[in-house]
Amino acid sequence: CGKRFTQNSQLHSHQRVHTGEKPYKCDECGKGFRWSSTRLTHQRRHSRETPLKCEEHGKNIVRNSFSKVLEKVHSVEKPYKCEDCGKGYNRRLNLEVHQRVHVGEKTWKCQECDMCFSRASSLQLHQNVHVGEKP
C-alpha cells in the first residue's frame, strides 16, 4: 500500500490490515482482534454490570457515572427546538448543525473518495473504511 513506518513493529502491526490476521483472542468468547488494545476494550464488555436504561434516549448505559452525566444533559434547558422533528438543543449552533440532516446539506467531504456528510463525526467514522481497505 506504500505506507512507511519508522519501526519494524509498526509495519508488522499495520500489515494485519491487509492479511486479516487477528492474533489477539478474547478469553471469554474467543473472538479475534488485530490489536491488543481492541481486544482489551472488548473483554471489558463481558465483565460489566447489567446496563441501565436512559429514559430520554432509550439507550443502555453501562457505567453508573455516565448515567449521572446523561442526567445532567437531560436536565439542561433546551430552548432551541428543531421545527422539523422537535428535538431540542441548549445552543443555537447545535441546532444549526442538526438541521443539516433535514435539508440534506453535506459540508464534510472525504478526501479519499469524495463522499460528503452532514456531520464531521460521520465523516470520521466513514474514514475508518479507508484505513481497513484491503489492496
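The values are calculated or read from the model by the stated rules, or taken from the named source; none is laboratory data. Everything numeric in this text was worked out from a predicted model, so none of it was measured. Using ideal geometry, Cβ is built from the backbone for each residue, glycine included, and neighbour counts are taken over all protein chains shown.
Here Ser37 fulfils each of the conditions (1) under 19 Å from the mean Cα position of the chain (by Cα); (2) of a type in the set (Gly, Ala, Ser); (3) part of a loop (DSSP other than H, G, I, E, B) apart from (3). Could you look through segment 93-135, keep only residues that are under 17 Å from Cys82 (Cα atoms) and of a type in the set (Gly, Ala, Ser), and pick out the one that is surrounded by the most Cβ atoms within 10 Å (Cβ to Cβ)? So the residue we want is Ser118.
Can you spot a residue in segment 63-84 that is over 30 Å from Gly104 (Cα atoms), at pLDDT 80 or above and of a type in the set (Ser, Thr, Tyr)? Within segment 63-84, none of the residues are over 30 Å from Gly104 (Cα atoms), at pLDDT 80 or above and of a type in the set (Ser, Thr, Tyr). Close Cβ contacts (under 6 Å, 6 or more residues apart or on different chains) running from residues in segment 114-128 that are under 15 Å from Val97 (Cβ atoms) and without any contact (Cβ under 8 Å) to a residue 60 or more places away in the chain to residues that are in a helix (DSSP H, G or I) and among the aliphatic types (A, V, I, L, M) comprise Phe117/Leu123; Ser118/Val101. Considering only residues in segment 17-33 that are modelled with pLDDT of 85 or more, closer than 18 Å to Val131 by Cα and not hydroxyl-bearing (Ser, Thr, Tyr), the one that is surrounded by the most Cβ atoms within 10 Å (Cβ to Cβ) turns out to be Phe33.
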